[in-house]
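The values are calculated or read from the model by the stated rules, or taken from the named source; none is laboratory data. In this text the structure is predicted, and so the values were computed from the model without any measurement. Cβ placement follows ideal geometry from the backbone for every residue including glycine, while neighbour counts extend to all protein chains displayed.
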Amino acid sequence: MAIQHAVLALLARGRSYGYELKGAFEETVGPQWGPLNIGHLYQILDRLSRDELVVAERQAQPVKPDRVVYEITEAGRAELGRWLAEPSPRSGGFRDDFFLKVTAAARSGVPATVRAVLANQRGHLMRELRNLDGLRRRADDPVVGLLLSAASRHVEADLAFVDDAEATLLADGGALVASLAATRPGADGSAPGAGGSAPGSAPPARGAGPARAAG
């Protein structure tokens, strides 16, 4: 996650310090993100300072400990502009724990296992969707409302996958699940490529016998 760039965006609006940045981040991105760990934020600020994307100034306070105030540099503004100009790839690709769970359940040979996995996930996603809908209706900031709507669309897409999995795997009463368990990859006991030549190697010459031991 490019939290460091979100921090640069906040600092582009003016100088700030750790806890003020934490509050501004949480208010800006909305409740669906969750709280920002202050220790992690200070690690990000230290890294940005080392990379000369921000400068830090220690300010004395009469009662409380000194406060460190951060300000974005020209290099930081350039990095922020570069990030904004690029498309955002999926941070985790398409690797998903639930995908693996469906795979394991589908190849278990037990339709009841598939039903339980799908039902549990559907219930979890419906609770998420209700929570996001409530947060969106209470959101005053239009950008936060937009982000909450986007989160809801992600959950709706996950629900559609659950429906697709149910229609594909259970529509025939579990016959497909049973057949998947009966046709396991590598069920003949051989490893991929076993008994054949190594990839890229030349085939053995016709009539060639086993090599003789030296000596």
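Tabulated results
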| item | result |
| --- | --- |
| Any hit, region 60-82, residues being touching a helix residue (DSSP H, G or I) at 6+ places or on another chain (Cβ under 6 Å) and either among the polar types (S, T, N, Q) or closer than 26 Å to Ser152 by Cβ (or both) | no |
| Test result for Arg82, among the basic types (Lys, Arg) and over 21 Å from the mean Cα position of the chain (by Cα) | yes |
| Total residues in region 150-182, condition outside any helix (DSSP H, G or I) and surrounded by fewer than 16 Cβ atoms within 10 Å (Cβ to Cβ) | 3 |
| Residue satisfying condition, being under 24 Å from Glu26 (Cα atoms) and assigned to a loop (DSSP other than H, G, I, E, B), within set Asp133, Asp140 | Asp140 |
| Test for Leu118: is it of a type in the set (A, V, I, L, M, F, W, C) and within 30 Å of Ala182 (Cβ to Cβ) | yes |
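Every residue, every condition in (1) touching a residue at least 24 places away in the same chain (Cβ under 8 Å); (2) closer than 20 Å to Ser179 by Cβ, yes or no:
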site	(1), (2)
Ile72	yes, no
Ser91	yes, no
Val102	yes, yes
Arg130	no, no
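Conditions tested, residue by residue: (1) part of a strand (DSSP E or B); (2) among the hydrophobic types (A, V, I, L, M, F, W, C); (3) assigned by TED's automatic domain parsing to the domain that holds Asp158; (4) at pLDDT 95 or above.
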position: Leu45; (1), (2), (3), (4): no, yes, no, yes
position: Glu52; (1), (2), (3), (4): no, no, no, yes
position: Arg58; (1), (2), (3), (4): yes, no, no, no
position: Gln61; (1), (2), (3), (4): no, no, no, no
position: Tyr70; (1), (2), (3), (4): yes, no, no, yes
position: Gly92; (1), (2), (3), (4): no, no, no, no
